[in-house]
Amino acid sequence: MGIVKACSVVTRAPDAHWRALAPYSIVLVALEEGPTVMGQADAELTVGDHVTGSVQSASTTEFIRFCRHQQNEQTES
């Protein structure tokens, strides 16, 4: 888990593989463990959002994909 520190939308991708996916969102995320990493993200993410990441595969490319962290809504009785 981590917190989004910056967001951007890529409209001019670096190669044919990524051009097929453009436009797509990328984010910088400060992880709880300390480092900051970059990855793709859901378009609705904004700075300050709590996110979780997973490794995704597309063809021969692997990348980190972040989505909003869904907090556990259960309450104790």
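Against the set (1) 26, 13, 12; (2) 39, 12, 7; (3) 22, 14, 10, the structure's computed semi-axes √(5λ) of the Cα gyration tensor in Å falls on (1). Largest mean-square fluctuation among Thr11, Thr60, Thr36, in a Gaussian network model of the chain whose springs join Cα atoms under 10 Å apart, belongs to Thr60.
Counting pairs of alpha carbon atoms under 8 Å apart in space and at least six apart in sequence, what relative contact order in percent does the chain give? Don't skip to the answer; put the middle values down first.
Details: 142 pairs, mean separation 22.4, N = 77.
Averaging sequence separation for qualifying contacts and normalising by length gives 29 percent for the chain.
Entry comment: accessible area of the chain is 71 Å² per residue, from protein heavy atoms only and a probe of 1.4 Å.
The values are calculated or read from the model by the stated rules, or taken from the named source; none is laboratory data. Model, not experiment: these values are computed from the prediction. Note: accessible area is taken over every heavy atom of the protein model, side chains too, but ligands, DNA and RNA are not part of it. Shrake-Rupley method; radii C 1.70, N 1.55, O 1.52, S 1.80 Å.
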